[in-house]
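Asks: Structure in structure tokens, see below.
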Amino acid sequence: MSCVDAKTMVKGTDFEKKHTPVIHCSDVVKAGEIFEVKIQTAGVEHPMEDGHFIQFIELKVGDVPLMRVDLTQYAKPEVVVYIRAPSEDHKGQVMKLTAYMYCNLHGIWKYEKEVKIE
Ligand SMILES: [Fe+2]
């Protein structure tokens, strides 16, 4: 499995909506500030049952891994994490967040969001 092959929302089908890990957070954050990032499926719940469930959720900034949560069929495929925005040296820049979600039957999915640092 490679993140390079990750699928994402293209047509907006229910199948895509229950696998795409949408990132909810501010569009603009202050340098050095700790802010909330929520990752959940795009409006359609993914099944969490024996034999078909989301196995992990990951978050990266650029190519740097920030966190990974392993799940079982007994969990809800949704996480809230608090991360620190880059320092003052990065004011005016944009950081790219990428979330990955892995379904044991339907593979790896991703979603990207750009956040401005002010
Ligand atoms: Fe699935």
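Asks: Inside segment 73-111, can you point out the residues that are among the charged types (D, E, K, R), away from the ligand (no atom under 16 Å from the Cβ) and assigned to a strand (DSSP E or B)? Steps first, please.
Replies: In the first step, residues of segment 73-111 are kept if they are among the charged types (D, E, K, R); the result is 76, 78, 84, 88-89, 91, 96, 110.
The next check asks that each one be away from the ligand (no atom under 16 Å from the Cβ); those that pass are 84, 88-89, 91, 96.
Residues satisfying the conditions are Arg84, Lys96.
Asks: State whether one or more residues within segment 14-34 are within 11 Å of the chain's Cα centre (by Cα), of a type in the set (Asp, Glu) and closer than 14 Å to Lys110 by Cβ.
Replies: Checking segment 14-34: not a single residue is within 11 Å of the chain's Cα centre (by Cα), of a type in the set (Asp, Glu) and closer than 14 Å to Lys110 by Cβ.
Asks: Something else now. For segment 1-27: of the residues being in contact (Cβ under 8 Å) with a residue 40 or more places away in the chain and part of a strand (DSSP E or B), which is surrounded by the most Cβ atoms within 10 Å (Cβ to Cβ)?
Replies: Out of the qualifying residues, it is Pro21.
Every residue, every condition in (1) modelled with pLDDT under 95; (2) more than 11 Å from Leu97 (Cβ to Cβ); (3) aromatic (Phe, Trp, Tyr), yes or no:
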| residue | (1), (2), (3) |
| --- | --- |
| His46 | no, yes, no |
| Asp50 | no, yes, no |
| Ile54 | no, yes, no |
| Leu59 | no, no, no |
| Asp63 | yes, yes, no |
| Val69 | no, yes, no |
| Thr72 | no, yes, no |
| Ala75 | no, yes, no |
| Val81 | no, no, no |
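Asks: Looking at Lys110, is it charged (D, E, K, R) and within 16 Å of the chain's Cα centre (by Cα)?
Replies: yes
Asks: In addition: Just name the residue that is surrounded by the fewest Cβ atoms within 10 Å (Cβ to Cβ) out of those in segment 28-72 that are touching a His at 6+ places or on another chain (Cβ under 9 Å) and in a strand (DSSP E or B).
Replies: The selected residue is Glu36.
Asks: Exactly one of these conditions fails for Gly92: (1) surrounded by 11 or more Cβ atoms within 10 Å (Cβ to Cβ); (2) over 29 Å from Thr13 (Cβ atoms). Give me its number.
Replies: (1)
Asks: In segment 71-107, which residues are within 19 Å of Pro47 (Cβ to Cβ) and either among the polar types (S, T, N, Q) or over 13 Å from the mean Cα position of the chain (by Cα) (or both)?
Replies: If the condition is that a residue be within 19 Å of Pro47 (Cβ to Cβ) and either among the polar types (S, T, N, Q) or over 13 Å from the mean Cα position of the chain (by Cα) (or both), then Leu71, Thr72, Gln73, Tyr74, Ala75, Lys76, Cys103, Asn104, Leu105, His106, Gly107 are the ones that fit.
The values are calculated or read from the model by the stated rules, or taken from the named source; none is laboratory data. Model, not experiment: these values are computed from the prediction. Virtual Cβ from ideal backbone geometry, glycine too; neighbours counted across all protein chains shown.
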